[in-house]
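The values are calculated or read from the model by the stated rules, or taken from the named source; none is laboratory data. Given the structure is predicted, the values throughout are model-derived calculations rather than measurements. Every residue, glycine among them, receives a Cβ derived from its backbone with ideal geometry; neighbour counts consider all protein chains shown.
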Amino acid sequence: MHGEQARAAVRATWARWWRFGTLTASMAGSQVIWSLEIAYGTPYLLAIGLSKQATGLVWIAGPLSGLVMQPLIGSLSDASTSKYRRRKYMVASALFVALSTCLIAFSEPLAILLLDLLGVGFGDWDPVRRERTAQLVQLLSVLGFWVLDFAINGLQVISRALILDSADSTEQNEANAWQARMLHVGNIVGYWCGWVNLGAWPALHWVGGGQFRKLAVLALIAMGFTVAVTCVCTPETEYQHTTPPPMRGWQRVCGSMRQIWHVACHLPTSIRRVCLTQLLATMSWFPFLFYSTTYIVDVAQRSGVHRRAEDEEETGSLGMLLFAFVSMASGTLLPLLTHAGTHAPQDTPEAPLRPVHAWQCVRLRTMWTAGALTQAVLLLGTFVVSTQTQAIALVTLMGIPWSIWTWVPFALLGEFVREAESIPAQDTAEEQWSAQQIMDRPERGPRTSIHDTDSGHRRSYCYEPSPHPSDSARIVSGSFVSSIVSRGRQVPGGMGSSEDSIRGGTILGIHNLAVVVPQLLVALISSLIFRVTSTAPRKHHPATDGDVAWVLRFGALMAISAALLTRCIPLTQSERRVSRSGYQPLLDDEDEDEDAEASVGAPPHP
């Protein structure tokens, strides 16, 4: 009997791994493409003759596409009634990623073909033709990178929205831990392929061109395979709106923009706090992402180590590859320490949650706090780093807080969003009210004291009188329009109307604004830091006083600020269940009632 239970447990574990692995596989493919663009895009653009100033203009597409594409595509997919509502946008985004990547990688043969069709020049020996070819290669490459930025943003937001749709509230922590692991796998593949000599691979001789083209082909293969796995293995449920969305494309876009603005202005408290914390957290990470390899080279040069440019680039790539390996290991182990999505042995059997083990002693917000403080300590370590080996070690260890940042914010956001619409207001305590129900109340009624059987406390709630005297239950005031999130027909708790349309993609797109806007701010602040430090006299330790080091120290200041804001994030619903059962977590002794007041559905007190 015991052996059968053990085999059943193993089968259940493998089934869960298969489900989350296939669900998040597309994130690995998108990350391979992203690492191709970030790590090797600038050297490629410089190699085809673009100036550094022009290269900077190309990368404006990154934050611009994030500002526009993710909220818009998320909202459009929310409004879809198809049973392929997310996956059709995923496939479309993947096709645009493939076309734009091919446009970049094969820009030279495409430029030659176009010039032949147009009859420009007399041959390869013609200086005019050579000049036109170079100009057309640059034009096609810049166009390709712009389209790629918009397409990859669409692919990522749809991938995350599909994760949000397919995992319930108790599974968000595990599902987002898996998506973070897939990001790390994508980084490892991308950085490793860029580090090895792909020209020596016989299987890629047919591709022609240099290292970048071969890397682009491998990245496309990886992206196509992973997207296909996710689309084939992840089913969706057809969803019907009581009010059909406008059929014209422009009307849908305008409606989506209005929806984005409305949802952004009425975000529940918990989601708003995650976004505000993410704003500072992102400002702490982009200095490192922009300048980590440059920092390694800078420390080496200032410490007296002089090498060829190719060797320096290889050393920087090695540091990022080790960073990716540490991120993968950390992202695999650290989620095991949290108890989000679990329940204590004393919890009710109705909750389909996993039991809390002795090692699951950390809450998600505490994990984020620890990661941000670790990041700050490492970045402040630039004051003592003086050799290239130490710089590589610092970059490598940054993989630990990076694994936390790529997992915890999305796990918190996913559970808050799923909690917001999962249970009808009249059947729940205050902290479980639907976010949209709270948002839609134009005014509050008198405060009513109700005994909370879960926590043993009496709490005050704002109710409106029932519109019908015969109604025995009180209802929340305001129109009962679309929920902030839902996933189709199988919405737990039955939100009471089929108009509870899915808003997960919209929320993820709004959250992405907190990731995109800091890119612009970091670029401006970094320029200011470079200007100030370049004119300031250097003393004592020139290896530790480089311009790039001060940019990283600015990131440490932002990490400390983000760590402070994480303490304002409320507990998730599954963590509150664990607390009510008498299980005490590690390093987090805030009053549970205060967290409940600030959670997803808690209405503000007058």
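Listing for the model above:
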item: Residue match in segment 92-100 (condition: in contact with a Ser or Thr (Cβ under 6 Å, 6 or more places away or on another chain), surrounded by 17 or more Cβ atoms within 10 Å (Cβ to Cβ) and either modelled with pLDDT under 90 or of a type in the set (A, V, I, L, M) (or both)); result: no
item: Pair list, Cβ < 9 Å and 6+ apart or interchain, from segment 508-525 residues that are over 23 Å from Asn176 (Cα atoms) to residues that are surrounded by fewer than 19 Cβ atoms within 10 Å (Cβ to Cβ) and of a type in the set (Val, Ile, Thr); result: Leu520/Ile60
item: Matching helices (runs of 4 or more DSSP H) fully within segment 545-606 where at least 2 residues are modelled with pLDDT of 65 or more and under 17 Å from Val362 (Cβ atoms); result: 547-566, 573-580
item: Val91, sole failed condition from (1) of a type in the set (A, V, I, L, M, F, W, C); (2) closer than 23 Å to Ser159 by Cα; (3) not in a helix (DSSP H, G or I); result: (3)
item: Residue within segment 11-18 that is assigned to a helix (DSSP H, G or I) and either modelled with pLDDT under 80 or buried (at least 22 other Cβ atoms within 10 Å of the Cβ) (or both) present; result: no
item: Filter result (touching a residue at least 24 places away in the same chain (Cβ under 8 Å), touching a Leu at 6+ places or on another chain (Cβ under 7 Å) and either farther than 19 Å from Thr282 by Cβ or aromatic (Phe, Trp, Tyr) (or both)) within segment 363-391; result: Arg363, Thr366, Thr382, Val385
item: Filter result (surrounded by fewer than 14 Cβ atoms within 10 Å (Cβ to Cβ) and either touching a residue at least 12 places away in the same chain (Cβ under 8 Å) or closer than 22 Å to Thr315 by Cβ (or both)) within segment 197-207; result: Asn197, Gly199, Ala200, Trp201
item: Scope segment 68-121; condition in contact with a Phe, Trp or Tyr (Cβ under 8 Å, 6 or more places away or on another chain), under 23 Å from Leu139 (Cα atoms) and hydroxyl-bearing (Ser, Thr, Tyr); matching residues; result: Ser100
item: Check on Ala219, in contact with a Cys (Cβ under 9 Å, 6 or more places away or on another chain), outside any loop (DSSP other than H, G, I, E, B), assigned by TED's automatic domain parsing to the domain that holds Gly74 and touching a residue at least 40 places away in the same chain (Cβ under 8 Å); result: yes
